[in-house]
Amino acid sequence: MSDRGRRPVKPKVLVVDDEPPLTMMLRYNLERAGFEVRVCDDGEAALAAVAEDPPDVILLDWMLPEVSGLEVCRRIRRAAPTRGVPIIMLTARGEEADRVRGLDTGADDYVTKPFSPVELIARMRALMRRARPDLGEAPLAARGVVLDPARREVRFAGRPVELHPRSFDLLRFLMAHPGRVFTRERLLDAVWGRDVAVEPRAVDAQVRRLRRALEAAGAPDLVRTARSAGYGLAGDEDQA
């Protein structure tokens with residue numbers, strides 16, 4: 001099979017938590033963001049899952065049945081095959097001493113419940129980029145549209161979406177920053193570059209071009225217009 005016929009490889013995340021509402025919320029948001037998700041609800045199951053198929057990142061609850069999150073973290077760090085897997089501790093314990101203890105055990109980051117899924121995913125991607133630079137080019141997904149930065153491909157329902165190179169770069173930037181709105185000037189800097197002399201209205205023209213291409217492919221419009229502010233990635237609530 002040619003490269004063009006292969007499906008983009010999704011980064012794998014292991015969620016270890018015994019709260020079903022939280023794991024359901026995480027699964028929904030992570031899968032929308034382009035991750036392959038596996039869930040375990042106790043420490044022993046998590047250790048078995050990591051040994052069987054090491055993930056690209058682990059979200060690990062502090063308080064777990066059978067084996068605590070801290071002990072799971074220690075064992076993962078002692079095993080050579082998983083020593084470098086990024087681990088984010090999820091916990092309701094927000095005291096500084098607890099944060100230090102979690103980080104000293106080997107966690108790479110620490111998120112206190114409740115938390116923003118958007119911020120959590122951003123932290124996950126940052127850790128993966130440092131641990132494995134190739135995962136920094138992981139596919140991005142939103143409302144059925146999958147953008148593969150490494151291959152510079154966009155697909156919807158398995159079919160390619162033909163985009164102008166600048167439209168691709170614009171969509172890539174917006175999909176990499178869900179939940180944020182950017183001014184035209186900021187988009188010019190990020191997509192066109194600081195040294196390019198282009199009027200801010202060029203962003204409007206490129207948004208129109210991107211929307212036409214998505215519409216022609218039957219894909220949803222992924223660009224949200226924030227009046228007097230700029231543009232951002234459209235969410236499910238923006239669907240008609």
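The values are calculated or read from the model by the stated rules, or taken from the named source; none is laboratory data. Just so you know, these numbers come straight off a predicted model, no measurement behind them. Cβ sites come from the backbone with ideal geometry, for glycine too, and all protein chains shown count toward neighbours.
What are the pairs, 6+ residues apart or on separate chains, where a residue within the stretch 176-195 that is free of Cβ contacts under 8 Å to residues at least 24 places away in the same chain has its Cβ under 9 Å from a residue that is among the β-branched types (Val, Ile, Thr)?
Filtered contacts from the stretch 176-195: Glu185/Val203; Leu188/Val196; Leu188/Val198; Leu188/Val203.
Have a look at Val39, Val67 and point out the one that is within 28 Å of Gly144 (Cβ to Cβ) and either in contact (Cβ under 8 Å) with a residue 24 or more places away in the chain or buried (at least 19 other Cβ atoms within 10 Å of the Cβ) (or both).
Val39
Only one of (1) out of contact with any Lys or Arg (no Cβ under 8 Å at 6 or more places or on another chain); (2) under 21 Å from Phe156 (Cβ atoms); (3) in a loop (DSSP other than H, G, I, E, B) is not met by Arg224, so which one is it?
(3)
Give the residues of the stretch 17-30 that are touching a residue at least 60 places away in the same chain (Cβ under 8 Å) and either surrounded by fewer than 19 Cβ atoms within 10 Å (Cβ to Cβ) or over 17 Å from Leu147 (Cα atoms) (or both), sorted by residue number.
Asp17, Leu22, Met25, Leu26, Asn29
To keep it simple, each residue is scored yes or no on (1) in the same structural domain as Ile121 (by TED's automatic domain parsing); (2) in contact with a strand residue (DSSP E or B) (Cβ under 9 Å, 6 or more places away or on another chain); (3) within 20 Å of Thr112 (Cβ to Cβ).
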site: Asn29; (1), (2), (3): yes, no, yes
site: Cys40; (1), (2), (3): yes, yes, no
site: Glu52; (1), (2), (3): yes, no, no
site: Ile76; (1), (2), (3): yes, yes, no
site: Ala79; (1), (2), (3): yes, no, no
site: Ile88; (1), (2), (3): yes, yes, yes
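Give me the strands (runs of 3 or more DSSP E) completely within the stretch 107-148, filtered to those with at least 3 residues that are at pLDDT below 85 and either closer than 17 Å to Met175 by Cα or in contact with an Asp or Glu (Cβ under 6 Å, 6 or more places away or on another chain) (or both), ordered by residue number.
No strands (runs of 3 or more DSSP E) qualify here.
If you take the residues of the stretch 91-105 that are at pLDDT 75 or above and surrounded by 17 or more Cβ atoms within 10 Å (Cβ to Cβ), which of them is nearest to the chain's Cα centre (by Cα)?
Looking at the filtered set, the residue picked out is Thr91.
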